[in-house]
Structures are given as structure tokens and as C-alpha cells.
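Step one of this worksheet: look at the structure below.
The values are calculated or read from the model by the stated rules, or taken from the named source; none is laboratory data. In this text the structure is predicted, and so the values were computed from the model without any measurement. Quick reminder, even Gly has a Cβ in these numbers, built from the backbone with ideal geometry, and neighbours come from all protein chains shown.
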Amino acid sequence: MLDGQRFKHVLVYGARLAGQRVQAYLAGEGVEVDAFLDRDASLQEVDGIHVATAPDWAATHDPASACVIIGLFNNYVDVGEVVTQLQQLGYGRVVSLVEFVRHYPKGQPFRYWLVEPSYYEAHADRIARMREQLADETSRELLDRIVDFRITGDYLRLPAPTPRQYFPEDLPAWPQPLRFIDCGAYTGDTVEEMRAAGLTFEAVATFEPNLENYAVLVKSLSDLNAVNFPCGVSDGNRRVGFDGALGAGGHLVESGGVTVTCVRMDDALPGFAPNLIKMDIEGEEPAALEGARAMLLEHRPNLAISIYHRAEHLWSILEQIEGYGLGYRFYLRCHARSTFDTVLYAITPEHVTG
């Protein structure tokens, strides 16, 4: 296992779902995990395996004898801080989840953008063309760092997340009042954050297939007289499965889940004339853009599109939008840890000043 044979102990940092999946994978490879490390001191045991904090385990064992595999995969934890702590405590080897997948590429569970690092290397030409199309140096440097991180697994190479997702201060301001379409509206939190920041709205349309989230957003946005759809968006009008178990990460599935309706925005909102469309729809972004093609061609709205749900979305969504020939200027910002909430901003030239 990597160079784990040099170490007396194999540990997994993170005792929740991602860490448990790492442990289960290693068990399938015949590698025994001696313990989980986790900052939650209330955890004592998971699936019969001892759980300890990193300082506590180091106090009762020789940390230099341990190889620690990072089993964290979410947008909330600064894994760079975790790695630094483990190194300062003297742990012998720290293996990122990216490096783990590099050495064990077969049969890994789906993890958004996390694929075998060679996939990014194989698409270097397309990534380079994307870089040339980005409008500012901040975007180009961020792309370099994202790709570097996804190949090397070095969390310390990532910049801090950019605040104000979907309306960052260092990009051209959105035209106001907004005629806004929110795809993957969750509980209406994006509109609420925009309003708190002083943005104004002429019209709002939301799409949210999770009915629990939908009920909350309808109440949250009731004073806006928003047009709310308990639907997903795609490139066709159809009934599909939806897995809402992950809350904000609910997504369409090939089988199982709760049956929901998906619609084409071109069919659902004729004449809406948006000037901003936001999408965070768990990988359905390319299909949803195609389902809004007529709207895009007619109204040329500004776009804020999530591009972290699939590895290839990092470059393929820009290629798709560029193919519509609408003359957008493209910017890239990342709003969470570990390249989650990476957003491509496509801004019409008339909204770019300076």
C-alpha cells in the first residue's frame, strides 16, 4: 500500500462517510486500518475500529510509525490545516485522498471531481485552451492551482475560498434590478444572501426538486412573488429519479430515488428574459444549459455555473457555452475548500467595466 509497508500502523483521518469508505476499500485490498483519527473527541469507535484525536493517538504511540490516509471529502474542512497538524505531530507519512486514488484507481466510489489524476494530465490541451479564454489573471492562476491540486493532492497549494458565491466583489457587478433564474435553489439561500448584500430583483424564478427544501424556499421568498417550480432542469421534459438524501447535494439518479419532474427552461419560462442564471444542480448543468439554448441566444443573460460536479466540467462547460457564440467573458472563482463550489462566471461584455 503506497510505501505503507515501511510503517507499523495504517490510520485513516476522518471517521465519517468518506473515511469509512477509505477504510472499507483498504479492507478489500487486505490492508488493516489500526484506528481512525478525528477531531470529534466524542467518537470512540466506528465499525469496531478505535477512534482517537490525532494528538491523543500520538501521545500513546510513536506517530513516526504511522501512515495516515486522509479520509475527508467535503467543502467545510480546511484539510491543509489537518495535514499541517499531522506533520507537526510527527506522523510518518500523510497521504491525501488524491494520492490514494492515484495508487488505487479501480473501483473507487463516485466523488464528484476526484478521479485518477492522470485524467487531468490527459486533457492538458483542453485545460490550456480554457486558460487562454479566461479574462483575468486571478482566474488563470486559480485554474492552475485547481489542476495542480487535483493531480498532486497538495492541499496547501489552494488559495482561500472567495467570499460571496454567485456575486463576488472582485467581478463586474450584476445589472440591476435582476431578472434572476436560480437552478438548484435549495432553500432560497442564494437570493437571501444577495438581498442582504443590497442586490435588487425585478423578477425571480426558482427550480428545486427536493420538496422539503422547496417548501422552505417558497416561504423564504414569499414577499418577492417569485415563480417557484418543484422541478429539476435538464434538456428534456421528463420524470426521473431524485436522491435527496444529501440535502444540498441532492441529485438525479438513473434508478431509484423519489420520482421528480425535470423541465427545459425554454419550455417553462417563455418570455421571462433573464439577465442572470445561476446553476448548482449536481452535474446536470450541461443538459440544463442545452435546455435553455433559445433563452441564452435571445437574451444573453449573465451566467454563474457550478463546474465541480464532474472532472470534465472544469473545462467542458466553458467549451459548451463558448460554442453558443455569445461573446461572453469568462471568470473562475472557487468559493469553498478542496475546489468544491468552483463557479464559472460568463459575463456579457456590456456588463464589464474598465
Subset tally (residues that are among the β-branched types (Val, Ile, Thr) and in contact (Cβ under 8 Å) with a residue 60 or more places away in the chain) for region 262-279: 1
Please find, among 125, 78, the residue that is under 27 Å from residue 11 (Cα atoms) and acidic (Asp, Glu). 78
Criterion: free of Cβ contacts under 8 Å to residues at least 40 places away in the same chain, touching a Leu at 6+ places or on another chain (Cβ under 6 Å), within 18 Å of residue 333 (Cα to Cα) and surrounded by fewer than 18 Cβ atoms within 10 Å (Cβ to Cβ) - qualifying residue of 131, 157: 131
Name the helices (runs of 4 or more DSSP H) wholly inside region 280-354 in which the number of residues that are free of Cβ contacts under 8 Å to residues at least 12 places away in the same chain, on the phi > 0 side of the Ramachandran plot and buried (at least 19 other Cβ atoms within 10 Å of the Cβ) is 2 or more. none
Exclusive hit being in contact (Cβ under 8 Å) with a residue 40 or more places away in the chain and either in contact with a strand residue (DSSP E or B) (Cβ under 9 Å, 6 or more places away or on another chain) or not assigned by TED's automatic domain parsing to the domain that holds residue 73 (or both), set 199, 171, 224, 217: 171
If you scan region 36-57, which residues turn out to be surrounded by fewer than 20 Cβ atoms within 10 Å (Cβ to Cβ), in contact (Cβ under 8 Å) with a residue 12 or more places away in the chain and among the small types (Gly, Ala, Ser)? 41
All but one of (1) without any contact (Cβ under 8 Å) to a residue 60 or more places away in the chain; (2) more than 18 Å from residue 85 (Cα to Cα); (3) not β-branched (Val, Ile, Thr) hold for residue 6; state the number of the condition that does not hold. (1)
Just a yes or no: is a residue in region 311-334 more than 25 Å from residue 202 (Cα to Cα), among the charged types (D, E, K, R) and modelled with pLDDT under 95? no
